Every structure is written in C-alpha cells, then in structure tokens.
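Colleague: Below is one structure. I have some questions about it.
Laboratory data are not the source of any read-out in this text; all were calculated from the coordinates shown. Everything quoted here is computed from the prediction, not taken from an experiment. Don't worry about glycine lacking a Cβ; one is built from the backbone with ideal geometry, like all the others, and counts go over all protein chains shown.
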Amino acid sequence: MVSDSLIETLEVISNKLRGQNVKWVVVGSASLALQGLKVTPNDLDILTNKKGAHAMNKLLKEYEVKPVSFGRSTLFESHFGKFKVGEMRVEVMGNLKLKLGGTWRSYTHRLRSPAIIAVDGMKIPVSSLRSQFRSTKLLHRRGASLRALRIEKRLREVARG
C-alpha cells in the first residue's frame, strides 16, 4: 500500500535529485508497493552507486541520521547511509553487494534500466518485480516464501494485462 508518508518522502527525494545526474532506484518493499503489491513499507530503500550515495548524502544532509560510509557485514557491503524524511526512514545503499557462496555479487545492474512508475506526477525508478522476486528468493529472510509467492502472483497479473 502506498502511504501518504511514502509519497511525501518520494516527493522530497525526487525534487532534491532532479537535475543532479544521480542514478537511483527504489528497491525492497517500497518498490513492491509502488508496483501494486499489498505491502506496507516501513522504510524507503534506495539503491545507487558509490558516487550517487555520497551525492545523496549532501543533498539530503538536513535529513541525515547516519552519514554515508562504507561498511561490510558477512552478507552485505555498500556505501550506506540513513535518513529520516518526515515520518519515513530512508536507507541509501551505494554499490550494494551481496555475498553468496563465498562470492560478492553486485546489484548495480538494477540502475541500468529500471522500471519507471508514475506517482502523483513524479516518475520514480523502481527495481523490476522480476528482480525483486530473485532477491527475495536468494535472501531467505523471515516471510520470504510468502513474499515471493505474492510477487509471483503480481507478475502473472501484470503479464495478463
């Protein structure tokens, strides 16, 4: 479900990034909600590259909770920062990589040709349902099986038109 808070946050970010030559894409539950799935995002996850993450940090400085910096865990690495825009938490991930089977896999390919969703007069780049489905299957997080089934159902609905 696309909440007013999500729309207001997207409006702030979209306005700040307009004309800035920053490649970005909405991922995670917000991406799914914008593409018609009945999910309620608790935050807004944005994928970008290293340059984009640091540019977004400057542009969103007034909303900064944790400045963008490089970090690595056993599963992820990225140039990561946290922001709070209105009531919505925003997480920015630059050059996000996921470690699977001992190999780091980059997610920056999602920046090349994202799906574009029209929201209240804005054009918002989102990670495709197919990409979100693959990620959900890979991560094996709590509730991932149910989410994958819901994404798969939505993919069938979109294919039927």
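Colleague: Return the percentage of antiparallel bridges among DSSP beta bridges fully within the chain, rounded to the nearest 5 %.
Modeller: Around 80 percent antiparallel, to the nearest 5.
Colleague: Shifting gears a bit: Rank 131, 73, 31 by mean-square fluctuation in a GNM of the chain with C-alpha springs under 10 angstrom and give only the top-ranked residue.
Modeller: 73
Colleague: Under 28 Å Cα to Cα from residue 61, which lysines show up? Leave out anything in the same chain fewer than 8 places away.
Modeller: Within the straight-line cut-off, residue 61 pairs with 16, 23, 50, 51, 82, 84, 97, 123.
Colleague: Moving on. I want to verify a result. In a Gaussian network model of the chain, Cα cutoff 10 Å, which of these has the top mean-square fluctuation: 81, 52, 101?
Modeller: 101
Colleague: What is the magnitude of the charge dipole of segment 4-127 about its Cα centre, with +1 placed on the Cβ of each Lys and Arg, -1 on the Cβ of each Asp and Glu, and no other charges, expressed in debye to the nearest 20?
Modeller: Once rounded to the nearest 20, the dipole reads 680 debye.
Colleague: Follow-up question, since we're still on this one. Under the rule a/c < 1.5 gives rounded, and otherwise a/b versus b/c splits prolate from oblate, where does the chain land using the Cα gyration tensor?
Modeller: It is oblate, given that a/c is not under 1.5 and a/b is not larger than b/c.
Colleague: Separate question: Report the residue, chosen from 54, 109, 79, that carries the largest GNM mean-square fluctuation when the chain is represented by alpha-carbon nodes joined by springs under 10 Å.
Modeller: The residue that fluctuates most here is 109.
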